[in-house]
Every structure is written in C-alpha cells, then in structure tokens.
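The next block holds one structure in the form of structure tokens; read it before the comments.
The values are calculated or read from the model by the stated rules, or taken from the named source; none is laboratory data. Because the structure is predicted, anything quoted here is derived from the model rather than measured. Here the Cβ is made from the backbone with ideal geometry for all residues, glycine too, and neighbour counts use every protein chain on show. For the accessible areas, the whole protein counts, side chains as well, though only heavy atoms, and no ligand, DNA or RNA atoms are used. Shrake-Rupley method; radii C 1.70, N 1.55, O 1.52, S 1.80 Å.
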Amino acid sequence: MERAALALQGEASVYTGLLRSLLLLAWMVEARDPYTGGHLWRVAHLAELLAEAAGFPSKEVQRIALAAFLHDLGKVGVPDSTLCKQGKLSGEEYQTVQQHAEIGLRLLQPHPLASMVVSVVHHHHERPDGKGYPLGLTGDNIPLDARLVAVCDAFDAMTSHRPYRAGMPVEHALDVIEAGLGQQFDAHLGELFLELGRAGRFSGVVGFCDDGIPLAHCDACGPVLVRDRTAQAGDFTRCPACKAGYRWVLSGASMLAVVDDEGSQHMGWTGSDGSLLDHLVERWAVLL
Ligand SMILES: [Fe+2]
C-alpha cells in the first residue's frame, strides 16, 4: 500500500479509537447509576427519531444521537449518597445533582472530540422559560441540540421505573410534555415529539435497553436489569440497585431473569457491552 494511503488509514484508526474512548465514558455513567439501565441508549434513540422528524441532515442527526448518548456523563462526579438515594432528594441534594451538567462539560472539554457533544452535555437541563440549569438560558439562547435532547431525556425519565415509583404510561408522559410546551420544553420540537409518540414510534424504545432487548424486571425493586448483547442463557447477574441475584433463562424466543441467589455472589456488572460499543463506533464513525 502506498505511504499516503497507509497514513490515511492510520489517521482514520486514530479517530476511530478516539470515538471508542469517548463512547466508553458512557458506560462509566451506567456503572455508577443503578437506576438508569439503558437510559443513555433510549435517549440516543429518541433523539435520533426526533432529529430526523425535525428534518436535520443525516450527519447532524447522528451527531445529536451521539451527544444524547453522552448527555449525563457528569453524573460520574455526583456522590453515591445522592445519586443512589431512593426517594425524594432534599434541596441541597438536588443542587448537588444539578452540578452534573457543569461537571460533564469540564470532564469532557479536553477530549479531542468534545466539540461534537459538549453543548448537549452542558445544556440538556435548560428550559425555554429560563428556569432550567446550569445557566438559566432562555428560548433560542439554548443550543438547539440541547433543547432536542431535553425533551427526550425528560420523557425517558418519566416513563422509566424506579425502585420507589413506577414509570408513567407513555400517553401520560406525552400529556406532561404537551402541558410544558414553550415553558419547560421547546414548543416546536415538543410538538414533533408528541406526534411521534402518539403515532406509536417509541414502542421499541420505552422499556428497552438496546435494539430488541427489553429491560428485565427485578422482582424486588423494579426493572433495572440490563442484559447486554453477549449474555447467554445460564449467565448470572444481579440487580445493581437492590443486589438481588438473577440468572438468565431462555423462554421461547426471549430471555427472562429468574431469581437465583447464586447471582448475588457474582459481580452483576459485566462491564462495557463490547458488542454494542463496536456497533456504535461503526455507526458514528461517519462523523469523523
Ligand atoms: Fe442530566
């Protein structure tokens, strides 16, 4: 191979490696936060659907989906006592959680690919009425990509189960978004989101943690068992929130989590999902 071609190939693999390192950071968040199994995947998927519906060019759709996958990175800097607390947060604890937007920005800024994702990481909790954080920006002063991800993030938070509360039905969560149009949520993007949701476009996203992989229910505390693509029947896992042990068993075409005390002896956290990571690197390499 010619030198120039070799150099080009080398450069491409450096960028692919950087993308891989950026995406790996998302698993740091899921490892820290036991309640958000699959949240990053779902928000990325919803953001992709919404950005497509909003008519963004395909490369921009993918950039926004990538940024959505990393939006909560700053949560790695929130103490366990707050991040893992069951039930309502105190005012002070809520302020601590809010810092994740600023922490995410500061953590990511030195990364060579940071410019693709920082505005979403920093501003996904701003609100058009200025009551959001960290800067209290209003209306169109909030970056468009962050306004888009904010709708998807809030919807997923509402429809996801927590140990201390059940997730809202999709219809109800869409009504909440409708009530907040122009105040909590961008009016135009929010309207488009409602159209998608009411047309049933979120059916393979809500309650899933990957394409075709539904979240499994932890009998003891809620549906926070995430099965990665490589999990086999017979593998053990445990609930990251309440530590109950489980084993994956095949049931027809699907896989069920069955209570098994041996599971609690295992780490439960299998690490980064290498297969999903490969898939995402391949998908988002178009952005490099
Ligand atoms: Fe967040």
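Cβ distances below 4.7 Å define possible disulfide partners, and in the chain the cysteines left without one are 84, 152, 209.
Which aspartates and glutamates have a Cα less than 18 Å from the Cα of residue 59, not counting those fewer than 8 places away in the same chain? Reachable aspartates and glutamates: 48, 145, 282. Leaving out ligands and nucleic acids, note down the accessible area per residue over the stretch 214-265 with a 1.4 angstrom probe, in whole Å². On a per-residue basis, 52 Å². For the chain, with all protein chains in place and a probe radius of 1.4 Å, 54% of the accessible heavy-atom surface sits on carbon or sulfur.
All C-alpha to C-alpha distances of the stretch 48-93, sorted into 5 Å bins beginning at zero, yield P(r) values of 5, 19, 18, 13, 10, 10, 13, 11, 2 percent in whole numbers.
So what does log10 I(q)/I(0) come out to for the chain at q = 0.08, 0.10, 0.13 Å⁻¹, using the Debye formula with one equal point on every Cα and no solvent? Those come out to -0.35, -0.54, -0.92, one per q. Across all Cα atoms of the stretch 28-160, the radius of gyration (one decimal) and Dmax (whole number) stand at 14.1, 42 Å. Residue ranking by accessible heavy-atom surface, 1.4 Å probe, largest first, among 156, 235 comes out as 235, 156.
Kindly provide the Kirkwood hydrodynamic radius of the stretch 214-265 in Å, to one decimal, from all pairs of distinct alpha carbon atoms.
Values: mean 1/r = 0.0935 Å⁻¹.
Taking every pair of different Cα atoms in the stretch 214-265, averaging 1/r and inverting gives 10.7 Å.
Distant-in-sequence amide contacts of residue 208, defined by a placed amide H-H separation under 5 Å and a gap of 5 or more residues or a different chain, comprise 215.
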